Structures are given as C-alpha cells and as structure tokens.
Amino acid sequence: MIAEGHCYGGALRYRAEGEPLFKGQCHCRECQYISGGHPNVVLGMPAAGFAYTKGAPKVFERSDLEKPAAREFCAECGTHILARSPGLAGAVLIKAGTLDDPSLFGAPQMVIYTVDKQSFHHLPAGVPTFERVPG
C-alpha cells in the first residue's frame, strides 16, 4: 500500500509505503485535545516506509510524562500529521484526515481508551473495544 497525504495548508507532504499495521480509533484525553474534542482515527504504518516529501514537521513531546508520544505537526497551519508512540516502536500513527484519499483508512479494526470516552463520542458497531489497550 502507498498512502500519501499533507497538512491543511500544504507546507508538509508525506508518503507511507508498506502494509498497514492496524487501523484504530482512540478516545484518550490526549487524542481529544489533539482532535479538538473527538477521538482520533489513525492508520498505523511501518516507520521505515514513511518519509516527508515536502517540508519538515515540528515535533512536540510532553515533558510531564514518563514516555510521551512524539507528535508531529505543521508549524505553518497546525495540522497534526502523526504520532510516534514509544509503545509502538517501528510504527507511525498517521491521522486519517491528512490522507490524500481518506477512504484508504476504511474503518477502525479496534477502538481504544474507551475509559476516557465522552458521551458525545460514537463507537462503531461490531468493532472490538478496549478500556485502554489490548493485551
């Protein structure tokens, strides 16, 4: 699979190649902050097949967490492109909304961090859900 995408303003472009590792929907509070209130939907892709083809992202990591995710975003328009989680070495978690063709995402295979789900969030029918993470 080849997935390409960009930020809202066009300053960043990327290309991801490889087989998707997973497709997820996350309701954790951090994702709610990043998304503006809703869960994030992410396409997990191999980090080795990921590269920015235009521009360079700004990276943010919270200093108050023991193992924070590195969140990469456009310094020009603020679009959150992806996260790199220390618990998922070798993967990039691409935000589905940044894909040139968001239909590549399809549907989530799992829903995580439902412990933080808000009453206005929706869970897809028939998809495995977890209070935190599976396993």
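The values are calculated or read from the model by the stated rules, or taken from the named source; none is laboratory data. Computed from a predicted model, the values in this text were never measured in an experiment. Cβ sites come from the backbone with ideal geometry, for glycine too, and all protein chains shown count toward neighbours. Protein only, heavy atoms only, side chains kept; ligands, DNA and RNA dropped before computing areas. Shrake-Rupley method; radii C 1.70, N 1.55, O 1.52, S 1.80 Å.
So which residues in segment 105-135 are among the hydrophobic types (A, V, I, L, M, F, W, C) and over 16 Å from Leu88 (Cβ atoms)?
Phe105, Ala107, Val111, Val115, Phe120, Leu123, Ala125, Val127 - these are the residues of segment 105-135 that are among the hydrophobic types (A, V, I, L, M, F, W, C) and over 16 Å from Leu88 (Cβ atoms).
Taking the options Gly106, Gly126, name whichever one is surrounded by 11 or more Cβ atoms within 10 Å (Cβ to Cβ), assigned to a loop (DSSP other than H, G, I, E, B) and over 13 Å from the mean Cα position of the chain (by Cα).
Sole residue among the options that is surrounded by 11 or more Cβ atoms within 10 Å (Cβ to Cβ), assigned to a loop (DSSP other than H, G, I, E, B) and over 13 Å from the mean Cα position of the chain (by Cα): Gly106.
On the given criteria, is Gly10 open to solvent by less than 50 Å² (accessible area, probe 1.4 Å) and not aliphatic (A, V, I, L, M)?
Yes; evaluated as a whole, the condition is true for this residue.
How about segment 77-103: which of its residues are surrounded by 15 or more Cβ atoms within 10 Å (Cβ to Cβ), modelled with pLDDT of 95 or more and part of a loop (DSSP other than H, G, I, E, B)?
Hit for segment 77-103 is Thr79, nothing else.
Quick one: how many residues across segment 31-61 are touching a residue at least 24 places away in the same chain (Cβ under 8 Å), outside any loop (DSSP other than H, G, I, E, B) and of a type outside the set (Gly, Ala, Ser)?
Final tally of qualifying residues: 13.
Filter segment 43-76 for residues that are of a type in the set (Lys, Arg), open to solvent by 100 Å² or more (accessible area, probe 1.4 Å) and modelled with pLDDT of 95 or more; which is farthest from Pro20 (Cα to Cα)?
Of everything passing the filter in segment 43-76, Lys58 is farthest from Pro20 (Cα to Cα).
Name every residue in segment 13-37 that is open to solvent by 70 Å² or more (accessible area, probe 1.4 Å) and in contact with a helix residue (DSSP H, G or I) (Cβ under 7 Å, 6 or more places away or on another chain), in order of residue number.
Result: Glu17, Arg29.
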